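This report concerns only the one structure given below.
No lab work stands behind these numbers, since they all come straight from the coordinates. Bear in mind that the values here come from a model prediction, so they are computed numbers and not experimental data. No Cβ is skipped: glycine too gets one built from the backbone with ideal geometry, and neighbour counts run over all protein chains shown.
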Amino acid sequence: MVNLIPAPLRAEYFTDMPGFVLDQDTVVDAPSGTEGTARLLRATVGAATGLPLAPGRGDRGPAIRLRIDPGTADELGPEGYRLAVDADAVTLRAAAPAGLHWGVQTLRQLLGPEAHRCAPVNPDRVWTVPSCTVEDRPRFGWRGLMLDVSRHFMPKTDVLRYLDLLAAHKLNVFHFHLTDDQGWRIEIKRYPRLTETGSWRSRTKYGHRASELWDETPYGGYYTQDDIREIVAYAAARHIRVVPEIDIPGHSQATITAYPELGNTDVVDTTALSVWDDWGVTPNVLAPTDGVLRFFEGVFEELLELFPADTSPFIHVGGDECPKDQWKQSPTAQARIKELGLADEDELQSWFIRHFDSWLTARGRRLIGWDEILEGGLAEGAAVSSWRGYAGGVAAAEAGHDVVMCPEQQVYLDHRQDGGPDEPMPIGYVRTLEDVYRFEPVPPGLSEEAARHILGTQANVWTEVMQNRARVDYQVFPRLAAFAEVAWSALPDSEDRDFAGFERRMATHYARLDALGVEYRPPGGPLPWQRRPGILGRPIEGAPPRV
C-alpha cells in the first residue's frame, strides 16, 4: 500500500497495470519554469536512488515530465497538482511551480520510504512508481510550524533540516521565533550588543519553572545575517514562506539587557538586568518612548532586507504576554497615555502595535501578532495568530481581520502526548495523535464572510524543555503528520475523519520518518533514552480550557 500522508483529494491506483520503472535511462523533461522542481528531484529522488535523472526530452524514452499548465489554475489553484503514472512516463502538471513541488513530495512517497534517504542503501533495488492518477490541492493556504529558537537555540543546519521536514509534509510556512526574554538570535549590524550580550544567558533552568535543577553552562547562539539569507533561500526553493518574529513590547528582557535604555528606567534599574535564565513571563517590558520606536524601526529595516517581501510578506511582532505593571508605575508611560488621549495601558500597547502596523504597511509588508494585540483595539491591517483558544481568532475574523488558527489546547506540540509517567518533562494538556488529527481550524458558527478570513493554521513548538534536536523531534513527531493532514486535506467535520485509516497509513509513514532520521515518539511510548526521569514539567491537565 502507498499510504500517502497527507491524503490527496483524489487518487486511483491501477494494480493490473505495470508501473513506471526509474533507471539509468530515465530523464527529467523540465521546460522553462520547472527548473527548480528538476533540481529538487535530483537532490532528493536522485540522491536516494543513485540515478542521474539527467535532463532530456520526454518523448524519446522513459521520463519524468514536468509541466506548468496555467489552464489548470481554476481547478488546482496555485499549489495543486495532477500526477499521472503509467509504464512510459511520470507526468506532473500544475498551474504554478509550487504545485509541482508538492507533487514531487507525493512522487517520493509513491517510491517507498527508502526514497527519503540521502543515498541508496540497496544497489539492486528496482525503483517502481505504481500506475496511478493523483489529483490534489490544499484546503488552506497557510500551513505552518512555529519554532522557538530563543529558549533553546537550533543550529542553522538543524533549521535547514526542519525546512526539509516541513516540505516533506506539504507545509508551506515557517514561523521563526527569533527573540524572547531568554535570548536574541539574529544579527542586527547597527545594534551589535543584541547578539554580543543578548544572545547569551549565564545558565538555564533544567525542566519547567517548578524544577530546582539548573544547567550552569553559559548558553546561547545566534544566526548571522548570511545564515538568515541562506535559511530564507533554502525555504524559498521549497516554496516555504518564512515569517520572522521579533517580540515587542513584552518578552523583551534580552533586548533590554543589551540596551538598558529601552526599558522602563524610571521604574527599575535596567542596568542590573541579565538575559533571563528561567521560564514564564517576566515583568520587564519595553518603554513606550520615541527612542524605543526608532530603535525597532532600525531593527525592522535590517529585517526587511533579510526577509524579502516575495517570500516573507508577513512580519510577526509578538505582542503577547506583556505585563502592564511597569507602565502603571512609570511616570513616562502615564504621561504618554495622557498625551495620546488613551484610556489605559491596554490602549498604550495597541498604540505601540499600530505604529509598527503603519510602518510595515508603508513598506509593503503585513503585521501579524498573537491574539493579545486585539486588546485595546486592533491595527487596521494586522492579522492575528489565535493561540489562547478560538475566541481571539473568532473576534478578529468577525471584525474583518485575517487569522491563523493555532490554539494552545490543540496544536501546541510542546504539550505532552500521553498522560503516562514516562513522558519527558511533561508540559500542559495531553494531546494525542488523534487529538491533533481531530483539530478543526475553522471554528463552528463563524459567518461565511468571517470564515474567509481564516488564512489557515499552524502548530507551535515552544522549546523551554527541548534542549536539542532530538527533544524537538520527539515532541513534534508523529503529531506533525496528523497536523499536516488537517492543514492540507482533512474534512471540515472532524468527526467524519477516518482516524483508523490515518493510523494504518502511519504504519508506512513511520518508515519514512525513520529514513529521514526523525527521532519521533513511538506509538508504544518513549524509548528508554527519550525519557527524563525526575525532571519536573508543568502538568496542567484539568485546567479550565481557553475558548
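List of remarks:
- Here the peptides 189-199, 245-255 are ranked by packing, the mean other Cβ count within 10 Å, and the order with the highest first is 245-255, 189-199.
- Calculated Rg and Dmax of segment 237-332 using C-alpha coordinates, Å: 15.0, 50
- Sites Val430 and Ser274 - FRET efficiency at Förster radius 35 Å, r taken between beta-carbons, to 0.05: 0.50
- Using the Cβ of Thr282 as centre and a radius below 14 Å, the other residues enclosed give a net charge of -4, where K and R count +1 and D and E count -1.
- Among 491-501, 212-222, 396-406, 268-278, sorting by the average number of other beta carbon atoms lying within 10 angstrom of each residue, highest first, gives 396-406, 268-278, 212-222, 491-501.
- Relative contact order of segment 148-238, defined on C-alpha pairs under 8 angstrom at six or more residues apart (%): 31 percent
- Segment 392-538: C-alpha gyration tensor shape, a/c 1.5 cut-off, then a/b vs b/c: prolate
- Neighbours of Val27, meaning other residues whose beta-carbon lies under 10 angstrom from its beta-carbon, give a summed charge of +1 when Lys and Arg score +1 and Asp and Glu score -1.
- Total charge dipole magnitude, segment 10-136, about the Cα centre, Cβ charges on Lys, Arg, Asp, Glu only, Debye to nearest 20: 400 debye
- For segment 438-503 versus segment 124-142, the spacing of their alpha-carbon centroids is 21 Å.
- Backbone geometry of segment 401-407 corresponds, through the Karplus equation with coefficients 6.51, -1.76 and 1.60 at θ = phi - 60°, to 3J(HN,Hα) couplings of 9, 6, 9, 10, 8, 8, x Hz, x marking Gly and Pro.
- Placing unit charges on the Cβ atoms of the charged side chains and taking the dipole of the chain about its Cα centre, the candidate lying farthest along the positive direction among Ser150, Cys118, Val476 is Cys118.
- Cα→Cβ-extended label distance, 7 Å offset, between Asp16 and Leu527, nm: 4.4 nm
- Surrounding net charge for Thr224, when Lys and Arg each add one and Asp and Glu each subtract one, Cβ distance under 14 Å: -3
- In sequence order, calculated HN-Hα J values of segment 422-430 (Karplus, 6.51, -1.76, 1.60; Hz; x Gly/Pro): 8, 5, x, 6, x, 10, x, 6, 7
- Candidate lysines - alpha carbon under 24 Å from Lys189, same-chain residues fewer than 8 apart omitted: Lys156
- Report summary: the helix-based calculation at 222 nm, which adds -39500 (n - 2.57) for every DSSP H run with n ≥ 4 and divides by the residues of the chain, gives -8500 deg cm²/dmol.
- Take the Cα of Glu35, step 7 Å toward its Cβ, do the same at Thr157, and the gap between the two points is 3.0 nm.
- For Val242, nonlocal amide neighbours, meaning residues 5 or more places apart or on other chains whose placed amide H falls under 5 Å from its own, are Phe174.
- Taking amide H as placed 1.01 Å from N in the peptide plane, Gly263 has its amide H under 5 Å from the amide H of Ala287, each at least 5 places away in sequence or on another chain.
- Per-residue Karplus couplings for segment 201-209, computed as 6.51 cos²θ - 1.76 cosθ + 1.60 with θ equal to phi - 60°, are listed in order as 10, 6, 7, 9, 5, 9, x, 8, 4 Hz, Gly and Pro entered as x.
- Size estimate for segment 1-56 follows the Kirkwood approach: the inverse of mean 1/r over distinct Cα pairs works out to 13.4 Å.
- Efficiency of FRET from Cβ geometry, Thr361 and Thr508, R₀ 41 Å, rounded to 0.05: 0.35
- Estimated FRET transfer efficiency when R0 is 56 angstrom, pair Trp214-Ala309 (beta carbons, to 0.05): 0.85
- Stretched out straight at 0.36 nm per residue, the stretch from Asp498 to Asp164 would grow longer than its current Cα-Cα span by 117.5 nm.
- The percentage of C-alpha pairs in the chain whose separation is greater than 30 Å is 51%.
- 17 Å Cα-Cα reach of Lys338 towards lysines, excluding residues that sit fewer than 8 places from it in its own chain: Lys324, Lys328
- Rel. contact order, % - alpha carbon contacts under 8 angstrom, at least six apart, segment 10-136: 36 percent
- Global geometry of segment 337-383, whether rounded, prolate or oblate, following the gyration tensor of its Cα atoms and the 1.5 cut on a/c: oblate
- Over the chain, relative contact order from alpha-carbon pairs under 8 Å, at least 6 apart, %: 15 percent
- Were the residues from Ala233 through Asp25 laid out at 0.36 nm apart, the gain over their Cα-Cα distance would be 71.7 nm.
- Within segment 5-112, none of the GluC sites (Glu not before Pro) combine a DSSP coil assignment with at most 11 other C-beta atoms in a 10 angstrom radius.
- Within segment 423-488, the trypsin sites (Lys or Arg not before Pro) that combine a DSSP coil assignment with at most 13 other C-beta atoms in a 10 angstrom radius are Arg452.
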